[in-house]
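Student: Before I ask anything, let me first share the structure, which is written out below as C-alpha cells.
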C-alpha cells in the first residue's frame, strides 16, 4: 500500500517550537469606531429608532413590558465595581469558627 505523506497543517508547531505557540494567532483588528460599514449600520438603526417614535415610544414599550426592558437594560449597562468615590475596592474576608483571623 502506497501512502502519500500527509502535509502538516498550518497551525502545527514547527520543530523546536513550544506547543502553545502553534495555537496563537494574531488578533484580527476590528473596524475603527466611526468608520466603515459598522457605522453605516449603526446610523441606520439610530434613524429607524427615531422613525418609530424614539425615546417616547421606547418609554411606552418599557412601561408595558417592564421585565423585558430590565433584561435589555441590564445587558447594556456596563459593570464596574469600585470602592467609595471610585477608589480601590477593599475586600474583607470574615472567617467564622475555629479559624483564627489572618494577619
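Student: Among (1) in a helix (DSSP H, G or I); (2) surrounded by fewer than 10 Cβ atoms within 10 Å (Cβ to Cβ), which single condition is residue 57 missing?
Tutor: It is condition (2) that residue 57 fails.
Student: Another one. Consider only pairs whose beta carbons are under 6 Å apart and that are at least six residues apart or on different chains; among these, list those whose first residue lies in the stretch 42-66 and is on the phi < 0 side of the Ramachandran plot and whose second residue is in a helix (DSSP H, G or I).
Tutor: Close Cβ pairs (under 6 Å, with a partner that is in a helix (DSSP H, G or I)) amount to 62/69.
Quick note: the coordinates plus some simple rules give every number you see, no bench work behind them. Since this is a predicted model, take the numbers as computed values, not measurements. Quick reminder, even Gly has a Cβ in these numbers, built from the backbone with ideal geometry, and neighbours come from all protein chains shown.
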